[in-house]
1. Looking only at segment 18-49, count every residue that is over 15 Å from D188 (Cα atoms), in contact with a Cys (Cβ under 8 Å, 6 or more places away or on another chain) and surrounded by fewer than 22 Cβ atoms within 10 Å (Cβ to Cβ) and tell me the total.
2. Being among the β-branched types (V, I, T), in a helix (DSSP H, G or I) and on the phi < 0 side of the Ramachandran plot, is that true of even one residue in segment 246-256?
3. Counting only residues that are touching a residue at least 60 places away in the same chain (Cβ under 8 Å) and either loosely packed, with under 14 Cβ neighbours inside 10 Å or within 21 Å of the chain's Cα centre (by Cα) (or both), which one in segment 143-163 is farthest from G334 (Cα to Cα)?
4. When N208 is evaluated against the numbered criteria (1) in the same structural domain as K377 (by TED's automatic domain parsing); (2) in a helix (DSSP H, G or I); (3) in contact with a helix residue (DSSP H, G or I) (Cβ under 8 Å, 6 or more places away or on another chain), which criterion, by number, is the only one it fails?
5. Criterion first (under 15 Å from K157 (Cβ atoms) and buried (at least 22 other Cβ atoms within 10 Å of the Cβ)) does V132 satisfy it?
6. Any idea how many residues of segment 337-354 are at pLDDT 95 or above and under 20 Å from K236 (Cβ atoms)?
7. Exactly one condition in (1) assigned to a helix (DSSP H, G or I); (2) at pLDDT below 95; (3) not aromatic (F, W, Y) is false for I232; which is it?
8. Of these, K398, K377, which one is of a type in the set (K, R), under 20 Å from Y286 (Cβ atoms) and either in the same structural domain as E299 (by TED's automatic domain parsing) or in contact with a helix residue (DSSP H, G or I) (Cβ under 8 Å, 6 or more places away or on another chain) (or both)?
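The values are calculated or read from the model by the stated rules, or taken from the named source; none is laboratory data. The structure displayed is predicted, hence computed values, not measured ones. Here Cβ is always computed from backbone atoms with ideal geometry, including for glycine, and neighbour counts include all displayed protein chains.
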Amino acid sequence: MDNRKIFCLLAPSLGDFHFKKDVCLIPYIMQKYCGYKALFVTYLVDNEPPVFPSKTLYTEEIDFDFIAPSFTYTSSDIETVYSENADKCAKDLANYIVKNAEKIDVLFIFGFYHIYFEAIEIYKKKNPNGIVYLKLDANRNWINNTVLNCDFCNFLKNCDLITTESLTEYVNLKWPVPVHYIPNGFFDFDNSNEEQPETIFPYENKENIIYHAGRLGSYPKATETLLEAFLIAADKIPSWKLVLSGAMEDSFKLYIDRYIAENPNLKDRLLLTGYVQNYKEMQNWYKKSKIFAIMSRTEGFALVIPEAKAYGCYIIASDIDSNRDTVSLPELRGKTPDTNYKKENKHVAFGTLFEVDNSAEMAQCLIEVCNNENLLKETCLLTQQDAIQNFNWIKLCKRINNLIELTRLTRSADQ
């Protein structure tokens, strides 16, 4: 008989890509290393259990439970859960919790969407000893545009543990409940060491590659900023190549075609890999690249940054909260620096920051960093050490587990 506590992910729009991200990794690691039994709860699509190819990366079996939707829902309609079908989804989740609340010890939800409000309230009534863990994927816009009405404040108070990946100080000033800092991390599926990976990847194996992975051409990712910066910097960094990985927006294909046609001298220095499904292939790009570039206009927390740090990449990033957090010294993370501080501190511990949308400034960053071999080599070691200590998903989940246990103890003491 399995007596492990149930750590339940309630995620109606679960997709295959989530299995390599925090949404699924947290419950998986909580099972593998913290003594829980993970349960993934998502929609049953077209009366058939969804197929998740990336689940093969997991070395332990994960239990699933499925919600039958009260509306027409297909695997390609993920966004409809949070838009036109949101009210029906909220009822579906509430109905599921009515039937299953007692068996769930920790109910894990991702994001402060109103589809969860009723379900969480029911869970707290039917299982008062249960723990609700809310993980935020927040940026300033989401925080500032969220109205602190009675329903939302009641939802927050029903969450026993809330963590955020950045902006911790900022959110705590805004919200009436405590919020803890837990960043996103990296997880090496191939490493059997429980404190993984303690391996330091040598700088000597790296090449003059600027690497970027993301949704190419999507507005939040600002891919064109990098391409324009590379064009400006190209003559000053003649031995460097630019590698872009990720699915490409249809509208961006015309931009790429025009970019190559107008700059034939860069054709052999630009590689588009497409979406990299294979985990080892993505690892190899991180290992080979000296620089990882990220240009986001807005972002909750880009998981690619701790992954790139884990393999020794120097980070050149747009100056948004989560990017600055990840490349700054640990004691500065979660803080809210003012505008003057940001302007005066573009070169930070593990990378260099530039103003959002400023391709000329990014180009100058590329010129300076690509031509500073000592900086790249030194940071390669230091950023890996920082990743091992502060962005290792196993260590982060153990911190989450400690916060859960502290919540239980505090509750017991108050009763």
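1. Looking only at that region, the number is 2.
2. Of segment 246-256, the ones among the β-branched types (V, I, T) are 256.
If we keep only those that are in a helix (DSSP H, G or I) too, we end up with 256.
Those still in the list that are on the phi < 0 side of the Ramachandran plot too: 256.
The answer is yes, given that some residue of segment 246-256 is among the β-branched types (V, I, T), in a helix (DSSP H, G or I) and on the phi < 0 side of the Ramachandran plot.
3. Of segment 143-163, the ones touching a residue at least 60 places away in the same chain (Cβ under 8 Å) are 160-161, 163.
The next check asks that each one be either loosely packed, with under 14 Cβ neighbours inside 10 Å or within 21 Å of the chain's Cα centre (by Cα) (or both); those that pass are 161, 163.
Details: L161: 17, T163: 11 Å.
Filtering segment 143-163 for residues that are touching a residue at least 60 places away in the same chain (Cβ under 8 Å) and either loosely packed, with under 14 Cβ neighbours inside 10 Å or within 21 Å of the chain's Cα centre (by Cα) (or both), the one farthest from G334 (Cα to Cα) comes out as L161.
4. (2)
5. yes
6. Within segment 337-354, residues that are at pLDDT 95 or above and under 20 Å from K236 (Cβ atoms) number 4.
7. It fails just one condition, (2).
8. Values: K398 fails: under 20 Å from Y286 (Cβ atoms).
Step by step, each of K398, K377 is checked, and only K377 is of a type in the set (K, R), under 20 Å from Y286 (Cβ atoms) and either in the same structural domain as E299 (by TED's automatic domain parsing) or in contact with a helix residue (DSSP H, G or I) (Cβ under 8 Å, 6 or more places away or on another chain) (or both).
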